[in-house]
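Please treat every number below as a calculation from the coordinates, not as lab data. Worth saying up front: this structure is predicted, and the values here are computed from it rather than measured. FYI the Cβ positions are ideal-geometry reconstructions off the backbone, even for glycines, and counts take in every protein chain you see.
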């Protein structure tokens, strides 16, 4: 099978390319510099003779999207539209990476794959538009919503917290936002398993199971680097106001995976312990 991967230089894209290459698959990787997914002629010329198109390219600067929504829309909505259109032309399956930010975060039980999207931020609006664009252009697609991503290749929350914990006597972290910390290597693995299984077209949630607050996650991160979790103090979102609203409840359900006969990613804490050596560089 021949896979084309956009955003191949990013945190998730790097793991997707590494996993597929290690499995002996033929991979055509394109970094942001190599392929402008918002230019129709460029996309059309790049996608030819492939079986799967995986779009890991995205505008992920959540706060900056509030003042640059048109630019974020081009990357998060127009780009997926062009890729899906080209994928359909060559008979390839389209895989679009989406996000928990398509929901408003006001729920109290896990969001189902079919729950109504109600984004509360510019970033969320552009990613929701990307989902609709893919659906409109092809009927052979997988939309994978993920959340709270971390990985070895690029900046992420655990790396930041580990660095700050080594520099400071105390950390203040919000406890009123909960979600599913998810390792990019696990998303890459789930993506491949869905494609290999011939999963029906639709939306799937590519997050770890269980959930935790940022405060609880930070305590695990700090423990991983040999510091006392007691140094992590709990605070509220009101103490850390950001330009873009953060969903208070970012927990996604996995019913579609179970229906497709594909196992979800494991428990967030167990997966963090497996990932920590690669992500924060400790054995």
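Cα-based Rg of the chain per 2.2 N^0.38 Å, rounded to two decimals?
My calculation over the Cα atoms of the chain gives 0.98.
Under a no-solvent Debye model with one identical scatterer per Cα of the stretch 126-283, what's log10 I(q)/I(0) at q = 0.19 Å⁻¹?
So the normalised log intensities are -1.20.
If packing is taken as the average count of other Cβ atoms within 10 Å, what order do 144-154, 263-273, 39-49 fall into, highest mean first?
Averaged packing, sorted descending, gives the order 144-154, 263-273, 39-49.
Using 14 Å as the cut-off for backbone N distance, which residues of the stretch 232-247 belong to the label zone defined by a point 7 Å from the Cα of residue 172 along Cα→Cβ?
232-242
For 214, 132, what's the fewest-to-most ordering of other Cβ within 10 Å of each Cβ?
Ascending Cβ contact count within 10 Å gives the list 132, 214.
Sum -39500 (n - 2.57) across every DSSP H segment of at least 4 residues in the chain, then divide by the residue count to get the 222 nm mean residue ellipticity, nearest 500.
Taking each H run of at least 4 residues, the total per residue is -11000 deg cm²/dmol.
Do you know the relative contact order of the chain, to the nearest whole percent, from alpha carbon pairs under 8 angstrom that are 6+ apart?
20 percent
Quick one: of the DSSP bridges fully inside the chain, what percent are antiparallel, nearest 5?
Of all bridge pairs located within the chain, approximately 5 percent are antiparallel.
Compute the length gained on full extension between residue 164 and residue 45: take 0.36 nm times their separation in residues and subtract their Cα-Cα distance, giving the result in nm to one decimal. Intermediate results must be reported in sequence, preceding the final value.
Working: separation 119, 0.36 × 119 = 42.84 nm, distance 4.49 nm.
Difference between extended and current length: 38.4 nm.
At what distance in angstrom do the alpha carbon centres of the stretch 176-202 and the stretch 239-283 lie from each other?
10 Å
Can you sort 56, 156 by how many other beta carbons sit within 10 Å, fewest first? Mind dumping the intermediate values first?
On the way: 56 27, 156 20.
Ascending number of Cβ neighbours within 10 Å: 156, 56.
Mean-square fluctuation check for the chain, GNM, Cα pairs under 10 Å: which of 111, 204, 101 is largest?
Comparing 111, 204, 101 in a Gaussian network model of the chain, the most mobile one is 111.
Indicate the gyration tensor shape class of the stretch 162-202 (rounded, prolate or oblate), computed on the Cα atoms with a ≥ b ≥ c the square roots of the eigenvalues: a/c under 1.5 is rounded; otherwise a/b larger than b/c is prolate and the rest oblate.
Judged from the Cα gyration tensor, the stretch 162-202 comes out oblate (a/c at least 1.5, b/c at or above a/b).
Build a GNM of the chain with springs between Cα atoms under 10 Å: which of 80, 243, 181 gets the top mean-square fluctuation?
Ranking 80, 243, 181 by mean-square fluctuation puts 243 first.
Quick check: the distance between the Cα centres of the stretch 72-149 and the stretch 1-70, to the nearest angstrom?
Going from one Cα centre to the other spans 15 Å.
Residue 201 to residue 64: extension gain in nm, 0.36 nm per residue of separation minus the Cα-Cα distance?
Here the answer is 46.1 nm.
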